[in-house]
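Nothing in this text is a laboratory measurement; each read-out follows from the coordinates by a stated rule. Note that this is a predicted model, so its numbers are computed, not measured. Positions of Cβ are generated from backbone atoms using ideal geometry, with glycine treated the same way; all protein chains shown enter the neighbour counts.
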Amino acid sequence: MSQLEVRDLSYRFPDGTHALQQVSFTVEEGSFTVIAGRNGSGKTILLRILNGLIKPTSGDVRIEGIDAAAHPYEARKKFGLVFQQADSQIVGQTVSRDIAFGLENTGVSKEVLKVRVQQMLEMTGLTPHAHQRPRTLSGGEKRRLTIADVMAVSPGIIALDEPFSGLDYPGVLQVLHQLVQLNRSGHTVILVTHDLEKVLAHADTLILMDQGRIAAQGPVLETLPAAASCGVRMRRVPTAETIRDMTWLND
Amino acid sequence: MAERLIFHYHDRDTPLHRLDPRSKMFAMAVLTIMVFNLPPAGLLLIMLYTATGIIIAGMPIREYRRESLFFGMFALIIFLTRWWGSSMPLEALIGSLRFLTIVLIGMLMTETTSPDDMALALFWLLRRFSRRAAYGAAARLNLTVSFFPVIFDAVQEISEARKSRQEQRLRRPLQRMISMSTQILDVIIDRAEEISYALESRGFREDILHGELSWGRRDTLFLLLSTLCFTAATAAVLIP
């Protein structure tokens, strides 16, 4: 059984517009999947359905065997979602209070909460900012905080919606480094972006979306030729020899 | 994102910030009642008490001035309409001072008390009547207070964006007001939707409160001081 199974997923807006049509794919444990496509291709709606925030018009989402539409609360413990706008997701008055928010909602004991918040601060390098107001953090730090928020409740899968948007070069490096570390420690990463060049060196699966449908999916190098027709352009298309050199990370 | 100051909680280390939210809520409730019921001498004492609080809380008064302009204008309207209606300028002045004092008390409360702490205090107050209703009221208060900055930021962003596009303030004011209100409403609804999804995604539950209350000696002292001030203000009523 795959960690995430999506079968014939469709979503129609109340005005009748189709946002998703017959979307099916699977994600394996420990993989790094990139979902790309032009604006309005249904990527954000797809993530919200996977997180159980929106009920699909038809189709089925199973996260580690749990039906996301029927048991959204349980599904969210397994599937953490980092929103595109960090400010929407940050609710705490300080960095550590913000990380604690999700844990408190799951009802963990105070001892566990304290340890887990400390772990997340260390993991994301935010310990020096623990008592700082989140609004005073930089873009990259805010994004790392939202990753810490989501990872605090230990989901097996972490999905990120355009995590590099609005970030400067150091900000992109901080976030990318974090994601690669998470993936190396065994977490499944799903990343929605149209900025393929930043992430392809680390991804193993690519899903291309166009007009609410999956246009192509599979291993990165095999799927990449279809990218241009889905509104995703790359300055240079990598080969098996050059793809690893595309990384933005030095290590 | 814009950084508005007014009606935002600011995490500072001052005696007022360290107080238990219940003592501040109690003081705020009594002050508000007294503002509306005391004659001018009592009102002046309450104003003095609130002003002392503002200084102790370290509120950046200069920065607040511009953002408080709206309330100043409103106080002026109250003064003019009451003066026009009653022909008694002193009574009109007291009316607008009462309004400004209430605004200052509200600013002091939101500046020094986090939304989480306000929710905890409200829950503590209402829990004896109905736990479920208390959770609901506390969660609603928390969300509402947390949402203030979003509204203020949206208003500021939109008004600055329109200004940068050469919008004339005095040209067709009614049309401008309608267009701007619609735009602000659109942005606020969008952000509210995004925030509600994010909260749901993070497992937000109405029946789980965040943080904890701790009543200390400083709270008892604060209540004693407040009672002293309230008594003095009430005595001012009795002394002819």
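The figures follow:
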item	result
Pair A:ARG7, B:ASN37: separation of 7 Å Cα→Cβ label points (nm)	6.8
The stretch A:216-251: trypsin sites (Lys or Arg not before Pro) in DSSP coil with no more than 10 other Cβ atoms inside 10 Å	A:ARG235, A:ARG236
Among B:ILE178, B:LEU76, B:GLY216 - extreme Cα towards positive end, dipole of chain B, charges at beta-carbon	B:LEU76
Cα-Cα P(r), chain B, percent of pairs per 10 Å interval	7, 24, 31, 25, 11, 2, 0
Check: the protein assembly as shown dipole with +1 on Lys, Arg Cβ and -1 on Asp, Glu Cβ, in debye	1480
Per-selection Kirkwood Rh - chain A (Cα, Å, 1 d.p.)	18.5
Reduced Cα scattering model of the protein assembly as shown, Debye log10 I(q)/I(0), q = 0.05, 0.09, 0.10 Å⁻¹	-0.25, -0.75, -0.88
The stretch B:118-209 - percent relative contact order, Cα under 8 Å, separation 6 or more	35
Cleavage-rule hits (trypsin sites (Lys or Arg not before Pro)) in the stretch A:108-154: DSSP loop, at most 11 neighbouring Cβ within 10 angstrom	none
Loop-resident sites, the stretch A:169-251, for GluC sites (Glu not before Pro), counting at most 16 other Cβ within 10 Å (DSSP)	A:GLU241
Antiparallel DSSP beta bridges within the protein assembly as shown, as percent of all bridges there, nearest 5	50
Cβ charges +1 (Lys, Arg) and -1 (Asp, Glu), total dipole of the stretch A:2-246, debye	480
Ranking of B:LEU104, A:LEU53, A:LEU145 by count of other Cβ atoms within 10 Å, fewest first	A:LEU53, B:LEU104, A:LEU145
Among B:22-34, A:90-102, the order from most to least packed when residues are scored by Cβ within 10 Å on average	A:90-102, B:22-34
Cβ-based charge dipole, chain B, positive-most Cα from B:LEU228, B:SER164, B:GLY85	B:GLY85
